Amino acid sequence: MPKDKNGKLVPGRLSSARAVPSGITRPEYVGKPGPAPHVGGDKYDQDTIQRIRIASRIAAQALDLVLESAKQGMTTDDLDRIGHEFLISQNAYPSTLGYRGFPKSLCSSMNEIICHGIPDDTVLEDGDLINIDISAFIGGVHGDTNGTVLIGEGSEELANLVSRTKEAMHRGISAAMPGRQVNIIGRAIETYAKRYNYGVVKEFTGHGVGPSFHTGLIIPHYDEPEYDNLIEVGMVFTVEPMITLGTADWDMWQDGWTVTTKDKQHTAQFEHTILITDDGPEILTEA
Ligand code: MF3
Ligand code: CO
Ligand code: CO
C-alpha cells in the first residue's frame, strides 16, 4: 500500500485522533507548541526514581505487547491503537501524543525510516522491519523505550542488523558507569557498529528523561569527546542507538517528523531508560 514502485515507503493516511480519558493527567506540553524548559537537572531523589520505575515498567509492557502483536497484514495504525489502549488501561498518558504536535501514541518506523515514523495505513508485509518507540507518562514522569522486530522470515542481513543494534545498545548501557563521561557510551556503540561497517546516526541522540520527556541532557551514540557530562549516581537517561546498513545521513519527509536514511537502506533502533546506581547502570524499561 503506501510503498512506491521501488518498494520505498511513502506517507499514508492518518486515522482520526484517539481519545484519552479525562481522568488521565496530561503532560504540560499537550495543546502547546512545545514543552516548557526542563528545570532540576538529571539526578533525582528516591521518590521521583520510584515514579520513573513505574512509568518505565508500563512503557516496557506496552512495547512488548505492541511488538508481539505486529503481524503481516496489520497497519501501523493498528499498532498505535494497541499501544494507546494499553497505556490508558494503566492510567498512563502516551507521551508522544501531542508532543510538539506529534499526532499519535507511538512512533512506528519501518525499513528505511530511522525514527519518528507516524502510524498510518501502511500495511506490514513479510520481510519488513518495524521499530516501535513508546513512552508512558504517569505520576508526573515519563518512561521511554523502543525496539525493532522483523515481520516474518526476513533476510539474514536484516536479522543481523536487528541483533547487532540491540547488542550495540547494551554495550552502550554497560559503559555507563558512574564517574565516567557520557561520551564513553557512544564510543562503545560506535566501536562495535564499525566492526560491521554499519552507520551510526548522529543527530538523534539519547536524552535525560523523567519529569520532562527530554531534559536537555544529550547522550550521543557515536564517539564525541565534547559531550563530557559526568555520569552520576541518581541520573536517569536513555540510550537509543539508530544503526544503518549504509549511510548514516538522512532526509526528512514533508510531515516534519519522518526521518529516513538518505540511501533508503534499512535501519534499526533499540532504546532503554536507565538509572545510574552505585553499582552501575540499571535498566528501568523492563516489563
Ligand atoms: N520517544 C522518542 C525518543 O526516544 C521521542 C519521540 S518524540 C515524537 O526520544 F514526537 F516523535 F513522538
Ligand atoms: Co528517547
Ligand atoms: Co523513545
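What follows is calculated from the coordinates using simple rules that are stated; it is not laboratory data. As the structure is a prediction and not an experimental result, all values here were calculated from the model. Using ideal geometry, Cβ is built from the backbone for each residue, glycine included, and neighbour counts are taken over all protein chains shown.
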Tensor-based shape of segment 133-177 (alpha-carbon gyration tensor, a/c under 1.5 rounded, otherwise prolate or oblate)
oblate
Asp255 to Ser155: extension gain in nm, 0.36 nm per residue of separation minus the Cα-Cα distance?
33.0 nm
What percent do you get for the relative contact order of segment 42-194 when only Cα pairs under 8 Å and 6+ apart count?
23 percent
Estimate the FRET efficiency between Arg180 and Ala36 by the formula 1/(1 + (r/R0)^6), using the beta-carbon distance for r and 25 Å for R0, to the nearest 0.05.
0.25
Work out the length of the dipole vector of the chain about its Cα centre, built from +1 on the beta-carbon of each Lys and Arg and -1 on the beta-carbon of each Asp and Glu, and round it to the nearest 20 debye.
380 debye
Taking a ≥ b ≥ c as the square roots of the eigenvalues of the Cα gyration tensor of segment 114-196, is the shape rounded (a/c under 1.5), prolate (a/b larger than b/c) or oblate?
oblate
Starting from the amide H of His207, placed 1.01 Å from N in the peptide plane, find each other amide H under 5 Å away whose residue is 5 or more places distant or on another chain.
Ile219, Thr238
How long is the gain from Gln265 to Asp126 if the chain were fully straight, where each residue apart is worth 0.36 nm and the alpha carbon distance is subtracted?
48.4 nm
Max mean-square fluctuation residue, GNM over the chain, Cα-Cα springs under 10 Å, options Gly117, Gly206, Gly41:
Gly41
At a 10 Å Cβ-Cβ cut-off, how would you order Thr261, Thr247, Thr145, Thr48, fewest neighbours first?
Thr247, Thr48, Thr261, Thr145
Long-range alpha-carbon pairs in segment 14-79, meaning those over 13 Å apart, account in percent for 79 percent
Where the Cα atoms of segment 1-144 are projected onto their three principal axes, how long is each span, largest first, in whole Å?
53, 31, 29
May I ask for the distance between the Cα centers of segment 65-122 and segment 209-287, given as a whole number of Å?
19 Å
Could you please rank Ser109, Ser16, Ser163, placing first whichever residue has the fewest other Cβ atoms within 10 Å of its Cβ?
Ser16, Ser163, Ser109
Low-density loop cleavage sites - trypsin sites (Lys or Arg not before Pro) in segment 1-40, where at most 13 other Cβ are within 10 Å (DSSP)
Lys5, Lys8, Arg13
At a 10 Å Cβ-Cβ cut-off, how would you order Cys115, Cys107, fewest neighbours first?
Cys115, Cys107
Taking the alpha-carbon set of segment 141-248, what are its Rg and Dmax in Å?
14.2, 43
Just need the relative contact order of segment 1-119 here, percent rounded to a whole number, with Cα pairs under 8 Å and 6+ apart.
29 percent
Taking 0.36 nm per residue of separation between Asp279 and Lys202 and subtracting their Cα-Cα distance, the length gained on full extension comes to 24.8 nm
May I ask which residue of Gly246, Leu275, Thr258 lies farthest towards the positive end of the charge dipole of the chain, with charges of +1 (Lys, Arg) and -1 (Asp, Glu) on Cβ and the Cα centre as origin?
Thr258
Over the Cα atoms of the chain, what Rg and Dmax result, in angstrom?
17.7, 54
So what's the back-of-envelope 222 nm ellipticity for the chain, counting only DSSP H runs of four-plus at -39500 (n - 2.57) apiece and dividing by all residues, rounded to 500?
-8000 deg cm²/dmol
I want to check the label-to-label distance for Lys43 and Glu224. Put each point 7 Å from Cα in the C-beta direction and report it in nm to one decimal.
2.4 nm
